[in-house]
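Here the structure is laid out as C-alpha cells; the discussion comes afterwards.
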Amino acid sequence: MTKIVNDFSITVGTKNGSGSSTANNTILRAIFKMGIPVSGKNLFPSNIQGLPTWYTIRVNKDGFIGRTETNDIVIAMNPDSFSRDLASVTPGGAFFHADDIKQPVTRGDVAVYPMPIKAIVKNDPNIPTDYRDLVGNMVYVGVLAQMIGMDFDKILAALTFHFKGKQKPIDMNFNALKAGADWAKANLEKKDPFHLEPMDKTEGMIMADGNTAAALGSIFGGVQFAGWYPITPATSLAEALNDYLPILRKREDGKHTYAVVQAEDELAALGMAIGAGWAGLRAMTSTSGPGLSLMTEFAGLAYYAEVPVVIWDVQRIGPSTGLPTRTSQGDLSFTYFIGHGDSHSVILLPGDVYECFEFGWKSFDVAERLQTPVFVLSDLDMGMNQWMSRPFDYPEAPMDRGKVLWEKDLEEIKGNWGRYLDKDGDALTYRTLPGNKHPLSSYFTRGTGHDEHAKYTEDSGVYIKNMERLARKQIAAKQYVPPPVLHGNPKASIGIIAYGSTENAIFEAQKQLEKEHGIQSEFLRVRAVPFTKEVDEFIERHDQIFVVEMNRDSQMLQILYTEYPQYATKFKAVAYHDGLPAAAKWIREGILEKHGGQKAASSKQPRAKKTASKAAAKPRVRKEAGGASTKKSAGKSKRK
Amino acid sequence: MTETLPMAGAPANANTVGLTKNDYRGFPSTLCQGCGHNSISNQIVSALYEMSVLPEDVIKFSGIGCSSKSPTYFMNRSFGFNSLHGRMPSIATGALFGDAHMKGIGVSGDGDSASIGMGQFKHAMRRNVNMVYIVENNGVYGLTKGQFSATAEKGLHLKKQGDNPYMPVDICMEALISNATFVARSFAGNPKQVKEILKAAYAHKGIAVLDIISPCVTFNNQENAYHSYAWGKDHEEPLHEISYIAPRSEIMLEQEMNEGDIREVAMHDGSTVILKNLEKGYDPTNRYQALHALEEAQQNNWLLTGIIYVNTTKPALTDIYNLADTPLNRLTEADLRPERAMIDKVNALMF
C-alpha cells in the first residue's frame, strides 16, 4: 500500500454536547504543532445536547486547508449518525468506531477499526465515574494518534494549553488518551495508508479563531465601548472582549478605560454603541444577520447623523433564523444598502484570522475618519473555527481619531464652526464631543433634516446639498479602506473575485484548474466596499471574471454590476449556499461550468461599449463555442 | 448660540456660575400654543438656572414625537441628541459613558416610552442610567394627529378613533417595578411643583423618572379626559409639598412648611429635598408604600403627584464600571492602545 503522508482529512461524528470539542481541538493542535498545515471545522447543529455534530480536520502538506468534501478517515462515536458516517468514508479510507455501537459495518472497501472505548475507560481507576463520557473522547484521540503517528509530546502540549496548565485534568485526559493508544498498539493492525510526518510549515504561526482575533484587534484599536446581545456565531467575539480587556488594558490605578454592556436586544446594542461613538468613544457592536436586521434603523441614523461606530457581522445563513449554525456570505447586499432612503455602507471584508485582528483596530480609524458606521463582515467559519495564522502584528499606524475640535481648537477658530460644514472640501466635516466646555462647542444631533450647523430644516436645497456630500463621502472612503489582495498570474485571461473566508478554497481551485485543465487565473480578494482603484484595474484587465461567493443571489456580483455596469458582461457568478465552509470542488466546477474558453484580448472593446443600464439590468452570459475545458458544461452555459 | 459667555463678567441676575436665565434657553417652540410641553421646557430652564448647572455639563436626549422635539426649546448650550422613536434610552446609555461626569436630561413622551420604547425604557431603569427621564404624558399621539397612546385611559373618546378599548400603562408603576431609583409624577398645570421635582431629579444620582401629565391642547384636552388641564386641576392629589434646598444652603422653611409631617431626603450632590407630607406618614423611600400609593391612586382615579419613590443608595450605571477619572472621551492613544510588547504576549496566548 502506498503511504499517503500529510494529505488527508479526518471527520469525527459525535453527539452535540458530548464534550468532544476538547478531543477534536487536541487533534487539530497537535498536528499543527507537528508543523503540518491543518484546519479544523466544527459542523454543529443549533442545539445544546443530543443532535449529531461533526468535526472535520484537513491535513495538507501543500497548505491547502480549505474544506474538502472527501472523508478519508472517519471516527464514528454517535449511533444516530453511524450509517451515514460509514457511507461517507472515501473508498480506501479508514473507519474507526466505538464498539458499543452495535450496527452492521457493511463496507468492504475501507479499513475498519472498532474501539472498545467504554471498556478502556471503565478499567481505568483514575477516571471518576461521572467523567467517563467526557474522557472517553480522549480514547479515540489516542487510538487515532497511534494509528496515524501523532506526536505525543505535541498532544500533551495541546492539552496543557487547553487546560491552562491545570495538572489534574491534563493528566486525566492524557492518561485516557495513552490508554487508547496503548490498546491500539497492542491490538490493531494498520490497514490504511494515512500517515503523519513532522514538517516545518507552521513554524512561527499561531492558531486562533476569528472572533477572538477580532476582539483582540479591537482592543489594540482602543475600543472603549461595546454594546452587544448574544447570538450565534457572534457571541464569542463580545465574550473575548470581556476576557482580554482586563488583561490588555490593565492600569496601575485599577480603573477602566472601557465598558462592555450586554444590551436587552440588538436595537439597544447598536443604540448604545452609537451613543458612545457620538460621545467620542471608540464604540462597537458584534452580531449576526438576524441582529443586523434589528439594527437597521439605527444604522440609518448613524449614516445620516454621521456617527462613527463599528459593527461586526459574523454571518450565518439566512433568511430569517435560517440555519443558525451554518456559515454564509449572505448579508453583503443587505449591509451595503442597509436602511431606508438613500444610503450605502462602508464595509470591510477580512479574509482570515489575521485580518480579523487587523481590521479590528483599523475599522475604528476608518469609522472615526469618515464619521460613519463601518461594517466588518466575517462569517461563522472564520469566526468560530480555529485557524492557523501568521502572528498578529502591532498596528502599523497611530490611531486616526478623525476631525475633532476641542476647547483650544474652538478658541483658535473663535468658535466659528459647523457640524456638517464641509470646510475642507473633502466631504468630511468637524465634530465636537460632549464634555467640551467651550460655550460654542455644542450642537444638536438628529436623524431629521439638518443644515450645516445641525439645525432642523426641511429646506430642499439644504437637504440635497447634504445628501450629495454624503455621496462624496463614500468616494472619499476609498482612500481609507484596505485595498484588495492579488494572487496568481496578472496576464491570465480569467479573473476570480472573491472575499472573506473562501480564500483557501480558491487557492486550491486555482491550482487544480491550472494543473488539471490548463486554466490560469488571477485572483483578487476584495477587502472593502467601496472598491478601490485596484479593483477597477483588475476588472479592466480580465476578459472573464468569476465572482465566487457563499450565497444564492451572487450578492457581490450585484454590487459589481451596479458599480461597473460597463463591464457587466464580463462577470459570471459562482455562488454556492449549502451553509458549509467553501470547498475547492464547487469553485472549480462552477468556474469550469461557465468558463468560456480563452478569449482573445481584442474582444474586450466591443463588450465594454454596451450601455450601462442595459448591461446592468440584464447581465448576459455569452454562449461560447467549444472551450476545451468545458466538456461537462456543454449545454449548461446558458444558465446563469 | 448664546452670546453670553461665562467669562463675560457677571450680570446682575447671574447665578453662581455667572450665567443668566437666557443662557439656559433654547430656540422658540414650534409646538402648539398652550401645550403642556412648553410649560415643562420653561421649568427646565428655570430649574437648571436656579441650580447654577453649567449647560456644558448636560446632555439632552429625546426620541421621536412632539415631546421629543422639546429639547430644541431649552438649553441651547448643551449637547443634544434627538434619536429614534423609542430609542432614547440606549443612545443615552452609551453617550453618558463618553464623559461620566455629565448628566443626561431626556425628554420622551407616552408614545415614545410606553409603546415602541417600552423595552428600552424599562432597561434604562434597571441599569440606573444617570439621567433625568421625563415622560411628557398626554395620552395621545400628537404629531400623527390624535391616535390613542398606551397611557390613554380605557373608554377615552377621541374624534377619529372612537373609544379606547384597552387598559392604560402606568409609567410610574412600570418604572418602579423595573427598579428605578427615583420616580415622580407631576402635572404641567402645577409648574411650581414641576420645577421643584426637576431640581430634586437632577440632584439624584442615577435614573429619575418624571411622569408629567402634559395636556395636548389640540387632540386630548376634553374636560373629562385624564390627561386634560381641567381634569388634572380637579383631581390632582399631591403627596407632599416639595422644596429643593441647594448644597451648602441653610435650610429655611417657610412658616406653613414648618407645621406638619416633614421629611428630608439627602441627595447625592449635597442638596436636600424637603417633603412636607400631605398624605400622613408617606415615606417615599419605601418601595412597597410607593406601589401601594400608585395602586390606590388608580383605584380612586386620583392624579397622584409628588416624589413617589426615591432611593439614594444605588450606584449609577457608570459608577458600576469603575471608570478612569479622566472622561473616557479625552483618553488618548497612550491610554487606549496596549504597548507594543503586549503583541507578543497576545500571540503567546494563542496556541
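The values are calculated or read from the model by the stated rules, or taken from the named source; none is laboratory data. These numbers come from a predicted model, not from an experiment. All Cβ positions, even for glycine, are placed from backbone atoms using ideal geometry, and neighbour counts span all protein chains on display.
Which of (1) closer than 15 Å to A:W312 by Cα; (2) within 7 Å of chain B (Cβ to nearest Cβ) does A:E266 not meet, given it meets every other one?
(2)
Testing B:A100 on (1) part of a loop (DSSP other than H, G, I, E, B); (2) under 30 Å from B:Y229 (Cβ atoms); (3) within 12 Å of another protein chain (Cβ to nearest Cβ), one condition comes back false. Which one is that?
Here B:A100 meets the rest and fails (2).
From the list A:A214, A:A179, A:A158, A:A145, pick out the single residue that is surrounded by fewer than 24 Cβ atoms within 10 Å (Cβ to Cβ) and of a type in the set (A, V, I, L, M, F, W, C).
Sole residue among the options that is surrounded by fewer than 24 Cβ atoms within 10 Å (Cβ to Cβ) and of a type in the set (A, V, I, L, M, F, W, C): A:A179.
Looking at this structure, is B:E50 surrounded by fewer than 24 Cβ atoms within 10 Å (Cβ to Cβ), over 17 Å from B:F27 (Cβ atoms) and facing another protein chain (nearest Cβ under 8 Å)?
So B:E50 does not fit the description; no.
Determine whether A:V314 is outside any helix (DSSP H, G or I) and more than 25 Å from the chain's Cα centre (by Cα).
no
On the basis of being in contact (Cβ under 8 Å) with a residue 24 or more places away in the chain and either among the charged types (D, E, K, R) or more than 18 Å from B:I134 (Cβ to Cβ) (or both), does B:R263 make the cut?
Criteria not met by B:R263.
Can you confirm whether the stretch A:346-358 contains a residue that is assigned to a loop (DSSP other than H, G, I, E, B) and closer than 14 Å to A:I311 by Cα?
Checked against the condition, which is being assigned to a loop (DSSP other than H, G, I, E, B) and closer than 14 Å to A:I311 by Cα, the stretch A:346-358 yields at least one hit.
Within the stretch A:405-421, which residues are away from every other protein chain (no Cβ under 13 Å), part of a loop (DSSP other than H, G, I, E, B) and surrounded by fewer than 18 Cβ atoms within 10 Å (Cβ to Cβ)?
A:I413, A:L421
Contact list please: Cβ distance under 7 Å, first residue in the stretch A:208-233 and within 15 Å of A:L270 (Cβ to Cβ) and within 8 Å of chain B (Cβ to nearest Cβ), second residue of a type in the set (S, T, N, Q) and crowded, with 24+ Cβ neighbours inside 10 Å, pairs at least six apart or on different chains.
A:G227/A:T285
For B:A334, are the conditions met, namely being part of a helix (DSSP H, G or I), more than 9 Å from chain A (Cβ to nearest Cβ) and touching a residue at least 24 places away in the same chain (Cβ under 8 Å)?
Taking the combined requirement at face value, the residue does not satisfy it.
What are the pairs, 6+ residues apart or on separate chains, where a residue within the stretch A:435-448 that is at the interface with chain B (Cβ under 7 Å from one of its Cβ atoms) and free of Cβ contacts under 8 Å to residues at least 12 places away in the same chain has its Cβ under 6 Å from a residue that is of a type in the set (V, I, T) and outside any loop (DSSP other than H, G, I, E, B)?
none
Rundown of residues vs (1) under 21 Å from A:P530 (Cβ atoms); (2) polar (S, T, N, Q), yes/no style:
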{"site": "A:G351", "(1), (2)": "yes, no"}
{"site": "A:S378", "(1), (2)": "yes, yes"}
{"site": "A:M388", "(1), (2)": "no, no"}
{"site": "A:Y394", "(1), (2)": "no, no"}
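How about the stretch A:196-305: which helices (runs of 4 or more DSSP H) wholly inside it have at least 2 residues that are of a type in the set (S, T, N, Q)?
A:210-220, A:235-248, A:289-305
Return yes when A:D426 is more than 11 Å from chain B (Cβ to nearest Cβ) and more than 23 Å from A:G271 (Cα to Cα) and no when it is not.
Yes, satisfied.
Looking only at the stretch B:293-326, count every residue that is polar (S, T, N, Q), modelled with pLDDT of 95 or more and surrounded by fewer than 20 Cβ atoms within 10 Å (Cβ to Cβ) and tell me the total.
5
Looking only at residues that are hydroxyl-bearing (S, T, Y) and without any contact (Cβ under 8 Å) to a residue 40 or more places away in the chain in the stretch A:236-263, which one is nearest to the other protein chains (Cβ to nearest Cβ)?
Within the stretch A:236-263, the match that is nearest to the other protein chains (Cβ to nearest Cβ) is A:T257.
What single numbered condition from (1) in a helix (DSSP H, G or I); (2) facing chain A (nearest Cβ under 9 Å); (3) closer than 30 Å to B:H123 by Cα fails to hold for B:D325?
All conditions are met except number (1).
Pick out the one residue from A:N504, A:N466 that is touching a residue at least 60 places away in the same chain (Cβ under 8 Å) and away from every other protein chain (no Cβ under 14 Å).
From the options A:N504, A:N466, the qualifying one is A:N504.
Which count do you get for residues in the stretch B:39-75 that are within 15 Å of the chain's Cα centre (by Cα) and in a loop (DSSP other than H, G, I, E, B)?
2
Determine which single condition A:Q479 fails, assuming it passes every other condition in (1) over 30 Å from A:N504 (Cα atoms); (2) surrounded by fewer than 18 Cβ atoms within 10 Å (Cβ to Cβ); (3) away from chain B (no Cβ under 14 Å); (4) polar (S, T, N, Q).
Tallying (1) over 30 Å from A:N504 (Cα atoms); (2) surrounded by fewer than 18 Cβ atoms within 10 Å (Cβ to Cβ); (3) away from chain B (no Cβ under 14 Å); (4) polar (S, T, N, Q), A:Q479 fails exactly one: (1).
Could you check the stretch A:449-463 and list, in sequence order, the residues that are within 13 Å of chain B (Cβ to nearest Cβ) and among the aliphatic types (A, V, I, L, M)?
A:A454
Checking A:T56 against (1) part of a strand (DSSP E or B); (2) more than 22 Å from the chain's Cα centre (by Cα), which test does it fail?
(2)
Considering A:L292, A:L323, A:L348, which residue is surrounded by fewer than 22 Cβ atoms within 10 Å (Cβ to Cβ), away from every other protein chain (no Cβ under 14 Å) and within 17 Å of the chain's Cα centre (by Cα)?
Of A:L292, A:L323, A:L348, the one residue that is surrounded by fewer than 22 Cβ atoms within 10 Å (Cβ to Cβ), away from every other protein chain (no Cβ under 14 Å) and within 17 Å of the chain's Cα centre (by Cα) is A:L323.
Just to be sure I understand, how many residues within the stretch B:160-176 are surrounded by 15 or more Cβ atoms within 10 Å (Cβ to Cβ) and modelled with pLDDT of 95 or more?
10
Out of the strands (runs of 3 or more DSSP E) lying entirely within the stretch B:195-292, which hold 1 or more residues that are surrounded by fewer than 16 Cβ atoms within 10 Å (Cβ to Cβ) and of a type outside the set (V, I, T)?
Strands (runs of 3 or more DSSP E) meeting the threshold: B:261-266.
Specify which of the listed residues (A:T68, A:T26) is within 14 Å of chain B (Cβ to nearest Cβ) and either under 24 Å from A:G204 (Cα atoms) or out of contact with any Leu (no Cβ under 7 Å at 6 or more places or on another chain) (or both).
The conditions single out A:T26.
Name every residue in the stretch B:94-123 that is hydroxyl-bearing (S, T, Y) and out of contact with any strand residue (DSSP E or B) (no Cβ under 7 Å at 6 or more places or on another chain), in order of residue number.
Scanning the stretch B:94-123 gives a single hit, B:S115.
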